[in-house]
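Q: Below is a structure I'd like to ask you about.
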Amino acid sequence: MGRFEGATVLITGAAGGLGRGAAKGFAAEGARLVLSDIDEKALADLAGSLQTETAILAGDIAEERLSEDLVKLAAEKFGRLDISINNAGIVQSFVRLPQVASDEARRVLEIDLLGVFYAMKHQIPQMERQFKSNGKGGVIVNIASVAGLVGAPKLSIYAAAKHGVVGLTKSAAAEYATKGIRINAVCPAHTRTAMVDGFVRMSGAPEAEALTELTRGVPMKRVAEVDEVVSAILFAADPSNSFMTGHTLAVDGGVGAI
Ligand SMILES: NC(=O)c1ccc[n+]([C@@H]2O[C@H](COP(=O)([O-])OP(=O)(O)OC[C@H]3O[C@@H](n4cnc5c(N)ncnc54)[C@H](O)[C@@H]3O)[C@@H](O)[C@H]2O)c1
């Protein structure tokens, strides 16, 4: 029997590297899935490849309505929402702060920060209702970043958004600590997904050289593989981790140690 047998798990940004990895990881442990992404086709393809009951709804996480509809979908299709992985996100152009276009800054904040706020705003009341009716609330795992814990040169507005996600996580965790809802953040360093591929492309250097440059400040001198981050997401969501809330779980190859 899997760790998440029968649990309903909602994942945003599900069609991307970490989202897809998390969907597969939860499915392998017996979960039923509610998946969302702005990329409708990739989302449908993913759902078709999973061996578990899956509901999908495509949309833009920067639109509050999507978060409301996702919670309704979980409740209508599966009767409850046990775990939410708020993962959808974008990165910004790799430039110093004065060069960040203000429109781009607003879009990063709308997706990476407000997207998580809207998600939690609609997930928490559903989990609270569940806690009141049968004593089983829920778990929220927000995907922040190492850039949510320390500064990130040439990623200022992204870092601001991710610091914001950490702030939302800690504040809401304290608000709901006695109401059956645990809320934690996972903070990865560079992980081998489309996001890192984008950095490599932007650098114009050969891949090996670009990755060496990217991981210069990482004690392990490499990027994370998707499975290494997914393992931390599942750990944070695991019901046996019942005393962990408001925590920022760094998966960073040692960045935070120096
Ligand atoms: N890959 C890394 O190096 C890294 C490091 C730290 C944190 N993160 C965070 O992990 C999360 C997942 O990123 P990833 O590495 O899997 O990247 P990814 O680009 O592979 O996946 C992101 C997914 O989010 C979706 N998305 C983008 N904008 C959206 C929107 N407005 N509404 C709904 N969905 C949208 C994309 O379509 C994509 O499927 C992000 O929040 C990212 O900031 C990634």
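The values are calculated or read from the model by the stated rules, or taken from the named source; none is laboratory data. None of the values given here were measured: they were computed from a predicted structure. Every residue, glycine as well, gets a Cβ built from its backbone with ideal geometry; the counts of neighbours run over all protein chains shown. These accessible areas exclude ligands, DNA and RNA; they are computed on the full protein's heavy atoms, side chains included. Shrake-Rupley method; radii C 1.70, N 1.55, O 1.52, S 1.80 Å.
Q: Report, in degrees rounded to the nearest 10, the 0 to 90 angle that the Cα long axis of helix 194-203 makes with the longest principal axis of the chain.
A: 10
Q: Follow-up. So what's the Cα pair-distance distribution over region 122-186, bin width 5 Å, in %?
A: Result, from short to long distances: 4, 19, 24, 18, 13, 10, 7, 4, 1, 0 percent.
Q: Next question. Scan region 179-258 for GluC sites (Glu not before Pro) in coil per DSSP, keeping those whose Cβ has at most 14 other Cβ atoms within 10 Å, and list them by number.
A: Working: sites: E207, E209, E213, E225, E228; in loops: E225.
Within region 179-258, the qualifying GluC sites (Glu not before Pro) (loop, at most 14 other Cβ atoms within 10 Å) are E225.
Q: A further question follows. Binned at 5 Å from 0, what are the whole-percent values of the Cα-Cα distance distribution for region 105-258, short to long?
A: Whole-percent P(r) values from 0 Å outward: 2, 9, 16, 20, 19, 14, 9, 6, 3, 1, 0, 0.
Q: I've got another one for you. With everything on Cα atoms, drop me the angle between helix 40-49 and the longest principal axis of the chain, reported from 0 to 90° to the nearest 10.
A: Helix 40-49 and the main axis of the chain meet at about 60 degrees.
Q: Please report the spacing between the Cα centers of region 104-125 and region 46-93 in Å, no decimals.
A: Result: 14 Å between the Cα centres.
Q: Summing -39500 (n - 2.57) over the DSSP H runs of n ≥ 4 in the chain and dividing by its residue number, what mean residue ellipticity at 222 nm do you reach, to the nearest 500 deg cm²/dmol?
A: Values: 9 runs with 114 residues, N = 258.
Result for the chain: -14000 deg cm²/dmol, rounded to the nearest 500.
Q: Could you look at region 70-178 and say what percent of its accessible area is carbon and sulfur, using a 1.4 Å probe and all protein chains?
A: 58
Q: I would also like to ask the following. Considering the convex hull of the alpha carbon atoms of region 13-77, report its projected area averaged over all viewing directions, in nm², one decimal.
A: Over every viewing direction, the Cα hull of region 13-77 projects on average to 4.0 nm².
Q: Tell me the angle of helix 226-237 to the major Cα principal axis of the chain, expressed in degrees between 0 and 90 and rounded to the nearest ten.
A: On a 0 to 90 degree scale, this one is about 40.
Q: If you don't mind, there's one more thing I want to ask. In whole Å, what are the Cα extents of the chain along the three principal axes, biggest one first?
A: 54, 38, 35
Q: Cα convex hull of region 1-128: how many Å³ per residue?
A: Considering the Cα atoms of region 1-128, their hull volume per residue is 106 Å³.
Q: A further question on this structure: Over the chain, what is the mean sequence separation of C-alpha contacts under 8 Å (at least six apart), divided by residue count, expressed as relative contact order in percent?
A: Working: 510 pairs, mean separation 46.2, N = 258.
It rounds to 18 percent for the chain.
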